1. Could you do me a favour and compute the accessible area per residue for the stretch A:129-195, 1.4 Å probe, result in Å²?
2. Wrap a convex hull around the Cα atoms of the stretch A:91-172, take a quarter of its surface area, and give that in square nanometres.
3. Are there residues in the stretch B:44-69 whose accessible area shrinks by at least 40 Å² when all protein chains are included rather than the chain by itself, and which are they (probe 1.4 Å, ligands and nucleic acids not counted)?
4. Rounded to whole Å and sorted largest first, what semi-axes of the equivalent ellipsoid does the C-alpha gyration tensor of chain B yield via the square root of 5 times each eigenvalue?
5. What does the convex hull of the Cα atoms of the protein assembly as shown come to per residue, in Å³, rounded to a whole number?
6. Quick one: among B:A112, B:A143, B:A62, which has the greatest mean-square fluctuation in a GNM of chain B with alpha-carbon springs under 10 angstrom?
7. Just counting partner chain Cβ atoms within 10 Å, what average do the residues of peptide A:149-161 show around their Cβ?
8. Work out the length of the dipole vector of the protein assembly as shown about its Cα centre, built from +1 on the beta-carbon of each Lys and Arg and -1 on the beta-carbon of each Asp and Glu, and round it to the nearest 20 debye.
Amino acid sequence: MLTILALASVILLGIVPQQSEAIVIYTGWERHALVGSDIRLSCSFFSWRWTSDDVTFSWSYRADGARDSISVFHYTGGAPYVDNKGPFRDRLEFVGNPGRRDGSILLKNLDYGDNGTFTCDAKNPPDIVGRTSSVRLLVFDKVPIQAGVITGAIIGAVLGLLVLIVVIYYLMRFLVARRVFNLSVSKHGKKGKGKEGSQQRQVPVLSIGDPSKLKATVSEKKKQESRKDKK
Amino acid sequence: MLLLLLGIVILHIAALVLLFVSTIVNAWATGSASSSDLWKNCSTTNGGYHCDPANTGEWIQAVQALMILSIIFSFISLFLFFCQLFTLQKGGRFFLTGVFQILASLFVMSGAVIYTVMSPKWVPETEAFGWAYILAWVAFPLALISGLIYVILRKRE
């Protein structure tokens with residue numbers, strides 16, 4: 001048993017360091033945007049090492065239908081370098097925070113020609129092995145509603161309404177039962193006082209103050225008593 | 001009494017099965033070489049069988065939601081029927097069960113009506129209404145009758 005445990009722990013220790021060397025990059029999957037608007041493409045990474053001073057981010061772009069990708073952004077040595085010759089000159093801005101592992105870029109004034117795939121590659125020396133991550137940009141003149149949003153909203157609203165009605169029903173029942181309980185407690189208290197003939201025990205005063213409600217509760221008590229007599 | 005109970009349960013389950021099949025099967029509108037329903041449009045082109053997810057319009061999503069809600073409510077109604085069967089006092093009515101079943105039938109009806117009215121918008125001209133659409137329309141009166149029976153039924157023995 002102990003040998004098996006030892007063997008398992010050795011194997012795990014052997015596997016984990018290899019995995020801990022890989023860097024994992026996160027971007028979105030797809031981004032939808034309106035023509036003429038700005039969009040922020042986010043890129044972040046996970047690494048077992050501390051964020052080094054030599055961390056680098058680079059973004060490359062491959063248009064829909066094109067075969068090759070071109071590099072549009074690079075951050076290295078503490079300074080960002082944006083595209084100044086390609087399709088995004090004067091439209092790209094670095095809005096990330098490399099110290100917080102954020103390498104996001106901002107694209108301004110989008111056009112239909114910007115449809116394509118953006119790939120983010122981040123390196124955190126000595127953690128440099130990892131896969132890049134791509135986000136697809138789709139530019140619309142009218143952003144369509146995503147499939148299933150309205151479906152989910154309608155179903156959620158109706159079921160929520162159902163749950164609300166059930167909760168309110170049980171709440172009303174609970175409140176009415178509590179009022180009846182308060183009345184029965186005070187009634188038993190008064191009976192005890194009458195039997196003993198002494199004023200030692202304090203009668204719990206009814207929670208309601210004004211006389212009109214008192215009349216209503218007295219009539220309720222009488223009804224209950226008459227019901228009991230019938231049974 | 002037991003026979004009546006069995007008949008009612010079978011009717012309820014039949015309506016539920018019809019609702020299920022109608023929602024899931026891809027045959028709300030069929031043509032010679034294509035079929036479409038609430039969830040996807042399929043067509044047999046030269047290359048083979050090819051399916052696209054259905055339009056992301058507002059109305060088709062409303063129909064999807066209504067069909068799913070009708071299935072959920074019919075399930076809840078069946079569950080409530082068995083609950084009330086054992087907990088209801090003698091002479092009591094299966095009111096709650098009936099209400100849920102009637103609501104389910106109303107949802108199916110609104111879904112089918114919306115689909116009928118809006119279908120020229122997203123179904124090509126060559127397609128006619130398919131059998132899953134007809135099942136939805138059949139499920140509506142079945143569920144309605146089942147719900148009404150529950151409302152007027154009284155518990156005996």
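The values are calculated or read from the model by the stated rules, or taken from the named source; none is laboratory data. Note that the structure is predicted; figures quoted are calculated from it, not measured. Glycine also receives a Cβ, built like all others from the backbone with ideal geometry; neighbour counts cover every protein chain displayed. All accessible areas refer to the heavy atoms of the entire protein, side chains included, with ligands and DNA or RNA removed. Shrake-Rupley method; radii C 1.70, N 1.55, O 1.52, S 1.80 Å.
1. Numbers: 4910 Å² over 67 residues.
For the stretch A:129-195, the per-residue accessible area is 73 Å².
2. Numbers: hull surface 43.0 nm².
Spelled out: convex hull of the Cα atoms, projected over all directions, averaged, 10.8 nm².
3. B:T56, B:E58, B:Q61, B:A65, B:L69
4. On the way: eigenvalues 274, 37, 26 Å².
Semi-axis lengths for chain B are 37, 14, 11 Å.
5. Values: hull volume 155.4 nm³, N = 388.
In the protein assembly as shown, the Cα hull volume divided by residue count equals 401 Å³.
6. B:A62
7. Details: counts 3, 9, 13, 4, 3, 8, 6, 1, 2, 8, 4, 0, 0.
Across A:149-161, the average partner-chain Cβ count within 10 Å equals 5.
8. Values: 40 positive and 27 negative charges, 813 e Å.
Rounded to the nearest 20 debye, it is 3900 debye.
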